[in-house]
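What follows is a short report on a single structure.
Here, each number is a calculation from the coordinates, and none is a lab measurement. Because the structure is a prediction, the values reported are computed rather than measured. Note: ideal-geometry Cβ built from the backbone for every residue, glycine included; neighbour counts use all protein chains shown.
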């Protein structure tokens, strides 16, 4: 078992709970693709496994409620108190097959029973491409062609296509939390917002989240009641085809123009099936994730070192995806809309017994659990776009055809 507390978490411009955990726990591997922030969600592995396919995702428990890596990524790092990583079979046995790839237990911050407090933290940063491939400029391209005795095309421009598609991205995050209470009751509410520009022009992302937790002690402090609700909205503008975009910047003749000339774009006819670079930036691959989670937990201290606990939770997630490829770079054009929804109800009740004889400890647990998950999805894809004005927002301007 490994525990990562506030002092061990990564600091600075950390806009994801997964980034806060990265590199801080032995046996937990977090791989991040810089161009696609959501790729990190399939690259968190416990026990050193690194396969990107199959059931290798660890089980995530947020305040005891079953969740997933996508939901964890939407929680603001400042709302997390600690991570506990369970790796051994003896540690994960109570979770059965769900914990076969390890378990990440996440404990979020709660009110501390003191007077009213308000807390704010924010960060501002910049993203910049560290290094680009060294390519020939226009003069070097023409000189090399002449030296090799090759035919060449000179359109009179001097374009660095790699430089044209990138920018210095601006990232900012803001988080405010309120807390207060007394010895027997407390509360904590928080709001967080993250907005960023990627290094690729036209690609941005943002995340808004809200969280509320309330705790109450009753019946001479023998009963503890915990209630929590969490919601988030995350939007991510991804690259439609990273390989095509990268290859286009590397295969273009530097004497061609990046921008449209006349009614179209200049292209390198010697590069087979390579689209001009600028219109590739008009492609869309957008994703929106909505998450809602609520839970109620009761813990009752009984005689004879017994403790009875009950937990009920409801979770809802929705993922919308829209894709668009204009007719300038895709024969007939392409538009796609899809949505995946999931609802999950979880309830469990447990009876714990603990006893100590000198230096010896003995514990036993009886656990019963009910879980129901409902999933639904749809998608549609069309081609034959009449124009490129609507993107994926009006599929009626196209035809529903498979080829």
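Pairs of Cα atoms nearer than 8 Å and 6+ residues apart set the relative contact order; for the stretch 117-397 it is 13 percent. FRET efficiency for the pair residue 263 and residue 94, taken as 1/(1 + (r/R0)^6) with r the Cβ-Cβ distance and R0 = 60 Å, rounds to 0.35. The long axis of helix 242-251 is offset from the longest Cα principal axis of the chain by roughly 30 degrees. Arranged from fewest to most other beta-carbon atoms within 10 Å of their beta carbon, 209, 135, 375, 252 become 375, 135, 209, 252. For the stretch 360-402 versus the stretch 274-308, the spacing of their alpha-carbon centroids is 14 Å. For the chain, the calculated P(r), taken from all Cα-Cα distances in 20 Å bins from zero up to the bin holding the longest distance, is 21, 47, 24, 7, 1 percent.
In plain terms, the chain from residue 379 to residue 202 could stretch by 61.2 nm, reckoned as 0.36 nm per residue minus the Cα-Cα distance. Placing a label point 7 Å from the Cα of residue 139 along the Cα-to-Cβ direction, the residues of the stretch 249-279 with a backbone N closer than 17 Å are 254-256. With the cut-off at under 19 Å, measuring from each backbone N in the stretch 334-351 to a point 7 Å along the Cα-to-Cβ line of residue 223 picks out 348-351. For residue 389 and residue 365, the difference between the fully extended length at 0.36 nm per residue and the C-alpha to C-alpha distance is 2.5 nm.
Sequence-distant contacts, meaning Cα pairs under 8 Å at least 6 residues apart, place the relative contact order of the stretch 301-403 at 28 percent. Between residue 185 and residue 164, the contour length at 0.36 nm per residue exceeds the Cα-Cα span by 1.9 nm. Going 7 Å from the Cα of residue 308 along its beta-carbon direction, which residues of the stretch 197-220 have the amide nitrogen within less than 20 Å of the resulting point? Residues 216-220 qualify, since their backbone N sits under 20 Å from the label point.
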